[in-house]
1. Pick the calculated percent of Cα pairs over 35 Å apart for this structure from (i) 15; (ii) 9; (iii) 35?
2. Label points 7 Å out from Cα along the Cβ direction at A244 and Q207: separation in nm?
3. Before anything else, pin down the relative contact order of segment 132-171: Cα pairs under 8 Å, at least 6 apart, normalised by residue count, whole percent.
4. Arrange the peptides 44-51, 152-159 so that the one whose residues have, on average, the most other Cβ atoms within 10 Å appears first.
5. So what's the back-of-envelope 222 nm ellipticity for the chain, counting only DSSP H runs of four-plus at -39500 (n - 2.57) apiece and dividing by all residues, rounded to 500?
6. Could you grab the relative contact order for the chain? Cα pairs under 8 Å, six or more apart, rounded to a whole percent.
7. Gap in Å between the Cα centre of segment 227-243 and the Cα centre of segment 43-100?
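A short reminder: the numbers here are calculations on the coordinates, not readings from a lab. Remember, predicted model here, so these are calculated numbers, not experimental data. Glycine gets a Cβ as well: all are built from the backbone with ideal geometry, and neighbour counts include every protein chain shown.
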Amino acid sequence: MNTRRTPLVLPAAFAALFAATWVFGGAPTSSREAVVHHVGGRVSYIENRGGNIGVLATEAGALVVDAQFAEVAQENEAVVRELAPAGPIWLVNTHWHPDHTGGNEVFAASAQIVAQTNVRRRLAGDATIGGRVREDAPAAALPTITYPNGVKLYFGGEEVRLVHVPHAHTDGDTVVHFVESNVIHMGDVWFQRGYPFIDLDSGGSVQGTVDGVEAVLGWAPPGARFITGHGEAGTAEDLREYLAMIREVRARVAKGLAEGQDVDALMAAGVTADYDARWSWDFIDGRKFVTALVRDAQGS
């Protein structure tokens with residue numbers, strides 16, 4: 001077996017995400033950056049630097065969804081203990097990206113890490129999986145329980161369903177359904193903040209994202225609240241708005257490609273012009289989204 005370790009290499013746009021961590025967490029406003037938002041039942045989320053951390057707080061401790069960056073892990077773990085004094089018992093990773101798994105090692109001091117199979121493979125630097133892998137995660141940061149399609153956890157009186165969404169944001173995405181609290185954590189399958197980042201180099205795809213959102217909307221109970229990977233929690237209507245945007249822009253891009261247009265021509269034609277005010281943001285603007293749609297359509 002090849003045990004050689006090489007540095008994590010990311011495309012420039014993706015690297016910028018992790019260099020400017022404040023983009024997803026917001027600029028610091030005090031010595032404590034974490035903000036807790038209650039969503040429903042016993043579920044809240046922590047907004048800080050990285051993807052939103054879901055927290056199911058019970059007397060038995062906390063089931064936590066995602067761990068943000070390593071640099072804020074201790075702060076976030078302390079906030080979890082304020083919500084559930086017994087501390088983190090379970091940690092679910094919705095996918096492998098460092099803004100969701102960087103804090104794994106800190107949380108692993110008390111929590112078992114659970115994730116879809118490909119998350120562990122990518123964090124462990126499994127080159128056989130193809131595409132982008134992360135090869136610098138410490139052993140303590142690796143998921144200890146994995147599953148191919150999904151699993152149910154029963155913790156503190158709550159049924160928690162972990163549902164794999166194939167080839168959406170990545171190839172290892174999990175949506176987390178807190179059944180009794182009627183809350184669903186979407187991870188980065190839903191970017192409420194703006195245009196989605198679909199990590200084609202990690203097995204993500206536009207169709208998988210569309211299929212995954214459609215599937216969740218199909219089984220989500222009435223009145224469910226949704227935690228997004230980045231942005232504010234919302235409703236099924238908010239998720240439908242996101243889905244409609246992706247479908248429409250993808251249809252416009254497909255039409256333009258059929259007419260021989262490239263990215264420059266598509267942007268000149270205004271394929272995102274009526275969406276940019278709502279969906280364009282620091283990390284993914286209209287052009288970057290269209291570039292990803294073109295690359296996905298061309299299989300490159």
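1. (i)
2. 2.5 nm
3. Working: 20 pairs, mean separation 10.2, N = 40.
This gives 25 percent for segment 132-171.
4. 44-51, 152-159
5. Calculated at 222 nm, the ellipticity per residue is -9000 deg cm²/dmol.
6. 13 percent
7. If you average the Cα positions of each part, the centres end up 20 Å apart.
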